[in-house]
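Have a look at the structure below, then the notes.
The values are calculated or read from the model by the stated rules, or taken from the named source; none is laboratory data. Remember, it's a predicted structure, so these values are computed and weren't measured experimentally. Virtual Cβ from ideal backbone geometry, glycine too; neighbours counted across all protein chains shown. Surface areas here come from the heavy atoms of the whole protein model, side chains and all, with no ligands, DNA or RNA. Shrake-Rupley method; radii C 1.70, N 1.55, O 1.52, S 1.80 Å.
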Amino acid sequence: QVQVVESGGGLVQPGGSLRLSCAASGSIFSINHMGWYRQAPGTQRELVATITSDSRTTYADSVKGRFTISRDNAKNTMYLQMNSLNPEDTAVYYCKAIVAPSSGPRTYQYWGQGTQVTVSS
């Protein structure tokens, strides 16, 4: 019923930029918190950035000043603009959305399938 899909990952050289998108679709009543997480091989999944329904944002210290999270509520879409990428940013990036489906007032946590970001020369 509700689907969350990331896109925009790929291979980029150090110092380059990528823009990730996370689109929620289906019968959605509202979307509350959204966030980006990442997980590199052999590591725990870590929080990258979050954004509330009124566009308040938080960032991990490792990406602050380089990444920008935003959302377009009309499109049910969240973005992560990643600049000045370095090899340590290499990971699978996941979108998380707290969604209230149209079927009822209860909210659920939805995860996207992940999109690979590789930073390498």
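Residue ranges 88-95, 101-108 sort as 88-95, 101-108 when ordered by packing (mean number of other C-beta atoms within 10 Å per residue, highest first). Taking all protein chains as they are arranged and a probe of 1.4 Å, the heavy atoms of L18 leave approximately 30 Å² accessible to solvent. Considered as an equivalent ellipsoid built on the Cα gyration tensor, region 48-121 has semi-axes of 26, 14, 10 Å, the largest given first.
Taking 4 °C and 1.567 mPa s as conditions, region 1-103 diffuses translationally at an estimated 92 µm²/s according to Stokes-Einstein applied to its Kirkwood radius (Cα pairs). Taking Cα centre as origin and charging only the Cβ of basic (Lys, Arg, +1) and acidic (Asp, Glu, -1) residues, the dipole magnitude of the chain rounds to 200 debye. Note on R19: accessible area approximately 130 square angstrom, rounded to 10, probe 1.4 Å, nucleic acids and ligands left out. For region 3-60, list log₁₀ I(q)/I(0) at each q in 0.12, 0.13, 0.15, 0.24 Å⁻¹, using the Debye formula over Cα point scatterers of equal strength and ignoring solvent, two decimals each. Calculated log10 I(q)/I(0) at the listed q: -0.38, -0.45, -0.60, -1.23.
The residues of the chain have, on average, 53 Å² of accessible surface per residue, using a 1.4 Å probe with all protein chains present. In the chain, Cα pairs under 8 Å separated by at least six residues give a relative contact order of 37 percent.
Computed in the context of the full set of protein chains, the accessible area of region 56-121 at 1.4 Å probe radius has 45% of its extent on carbon or sulfur.
For region 31-84, a Kirkwood radius taken over Cα pairs fed into Stokes-Einstein (20 °C, viscosity 1.002 mPa s) yields D = 183 µm²/s.
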